[in-house]
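See structure below.
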Amino acid sequence: MNRNLVSLFLASILLTSLTALGGCSGKAAEAKQAAAKDAAPAIPVETAQVVRGDMAATYSGTSTLEAAEEATVVAKVEGTIAHLYVEEGAQVRAGQPLAKLDDAKLRFDCEQAQANYEKKQQEFARSQTLYDHHLISLDAYDSVKYDLAALKASYDIAKFNLDNTVIRAPITGTVAKRLVKVGNTLTANQSVFLISNFDPLLAVLYVPENALPELHAGQPATLSADAVPGKRFNGRIARISPVVDPQTGTFKVTVELRHIAGELAPGMFSRVLITYDTHRHTLLIPRTALVTEDGESAVYVVKAGVAHRVSVKTGYSNGTEVEVVSGLDQGDAVVTLGQNSLRDGASVAVINAPAPETVAASSKPNPQV
């Protein structure tokens, strides 16, 4: 009996020891897991600071440049070209002679018409005197008067034809095309020159109808052309058509460029950027910082080595930067690279962190803001 009691006592001691040993092993495992969690490597990211600046709302489009004024010069009378006074590329003024037709026959016609007219003038003067003294009838007087008017018209036509043997520029501009040569025989209304006025030049855009409330005459625009790389030209909206084309859902916007000093020409392909609103001194972040899910925009803000997901409301964008209306403060560090691997509360290592003196310098107020 005593032996059985001793065996039971020893078994109880062994069971208690095993239970205690098992409890110690569980606590050690939990501690090991916690340590492993704490030792998890930080995710490398790049960040950028939230800054203040101006953000413009723009509309961009393409257009082929055209001259505001363009005229096809035509011959008003028939004749053979005797002289050409200008060539393509010449700058001309309105009324300046461009070419001369052989005028020998028309000069003779004009002299003959003038002689007939002057002769009839003398006859009419005599008839006037006779009629005033009641020596001729009213019918005879009227006949001479009407003959004089007819000869006056014939003389005016002959003089008009003679004057128009000199072909003149109808507008001020540049000779874009010469369509004839010396010795060519022209018919009335045949094209001779094309003259274009390059100042101003026009860029015509066809803009979607939803932009109609935003665009107004006088708003600034900038233009670039492939033919003049690396340079931008300033212009403005000259006029806007109030009618939307039902076939295309667009309306016509005409941008005007002045004083371009011959660097642009009609027919050039151009890209036009119209600025219709600007928000001054607003918060800006790089576009790459945005994370969009289910229509909601968010960014990851890094504080003390931890990334925090923050929902933001955005405004205008220029392609590289985005305006932040709410959710961030100036100076916040937002993740611009590596955010696709993040979750809220993740440990991060900023690989492009500035040196301490750089941070101190960037924290000073910007005198331009």
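What to note about this one:
- Qualifying residue in the stretch 285-297 (condition: free of Cβ contacts under 8 Å to residues at least 24 places away in the same chain and open to solvent by less than 40 Å² (accessible area, probe 1.4 Å)): yes
- Selected residue [in a helix (DSSP H, G or I) and surrounded by 15 or more Cβ atoms within 10 Å (Cβ to Cβ)] from 113, 125, 99: 113
- For residue 314, the requirement of being assigned to a strand (DSSP E or B), under 27 Å from residue 49 (Cα atoms) and open to solvent by less than 40 Å² (accessible area, probe 1.4 Å) is not met.
- Residue list for the stretch 222-269, restricted to those being among the acidic types (Asp, Glu) and surrounded by fewer than 15 Cβ atoms within 10 Å (Cβ to Cβ): 226, 245, 263
- Check on residue 302, within 26 Å of residue 70 (Cβ to Cβ), surrounded by 15 or more Cβ atoms within 10 Å (Cβ to Cβ), touching a residue at least 60 places away in the same chain (Cβ under 8 Å) and in contact with a strand residue (DSSP E or B) (Cβ under 7 Å, 6 or more places away or on another chain): no
- Filter pass, residue 236 being of a type in the set (Lys, Arg) and either more than 36 Å from the chain's Cα centre (by Cα) or within 30 Å of residue 76 (Cα to Cα) (or both): no
- The numbered conditions (1) in contact with a Pro (Cβ under 9 Å, 6 or more places away or on another chain); (2) in contact (Cβ under 8 Å) with a residue 24 or more places away in the chain; (3) surrounded by fewer than 18 Cβ atoms within 10 Å (Cβ to Cβ) are all true for residue 68 except (3).
- One residue stands out in the stretch 329-354 among those that are out of contact with any helix residue (DSSP H, G or I) (no Cβ under 6 Å at 6 or more places or on another chain) and of a type in the set (S, T, N, Q): the one that is nearest to residue 285 (Cα to Cα), namely 330.
- Remark: residue 241 falls outside the filter, which requires a residue to be over 21 Å from residue 221 (Cβ atoms), polar (S, T, N, Q) and without any contact (Cβ under 8 Å) to a residue 40 or more places away in the chain.
- If the condition is being farther than 15 Å from residue 174 by Cα and open to solvent by less than 60 Å² (accessible area, probe 1.4 Å), then the stretch 82-96 contributes 82, 84.
- Being over 46 Å from the mean Cα position of the chain (by Cα) and surrounded by 15 or more Cβ atoms within 10 Å (Cβ to Cβ) is not true of residue 108.
- Some residue of the stretch 203-210 being open to solvent by 50 Å² or more (accessible area, probe 1.4 Å), in contact (Cβ under 8 Å) with a residue 12 or more places away in the chain, assigned to a helix (DSSP H, G or I) and under 28 Å from residue 266 (Cα atoms): yes
- Every residue from the stretch 268-295 that is over 30 Å from residue 62 (Cβ atoms) and either modelled with pLDDT under 90 or of a type in the set (Ser, Thr, Tyr) (or both): 293, 294, 295
- Residue identified as in contact with a strand residue (DSSP E or B) (Cβ under 6 Å, 6 or more places away or on another chain) and either open to solvent by 40 Å² or more (accessible area, probe 1.4 Å) or charged (D, E, K, R) (or both) among 177, 145, 152: 177
- When the stretch 125-162 is filtered for residues that are touching a residue at least 12 places away in the same chain (Cβ under 8 Å) and of a type in the set (Ser, Thr, Tyr), the ones remaining, listed by number, are 127, 141, 154, 155.
- Conditions (1) among the basic types (Lys, Arg); (2) open to solvent by less than 80 Å² (accessible area, probe 1.4 Å); (3) at pLDDT below 95; (4) out of contact with any helix residue (DSSP H, G or I) (no Cβ under 6 Å at 6 or more places or on another chain): number failed by residue 120: (4)
The values are calculated or read from the model by the stated rules, or taken from the named source; none is laboratory data. What you see is a predicted model; the values in this text were computed from it and never measured. Heads up, the Cβs are rebuilt from the backbone with ideal geometry, glycines too, and the neighbour counts pull from every protein chain shown. Each accessible area value is taken on the protein alone, full model and side chains, heavy atoms only, with ligands, DNA and RNA left out. Shrake-Rupley method; radii C 1.70, N 1.55, O 1.52, S 1.80 Å.
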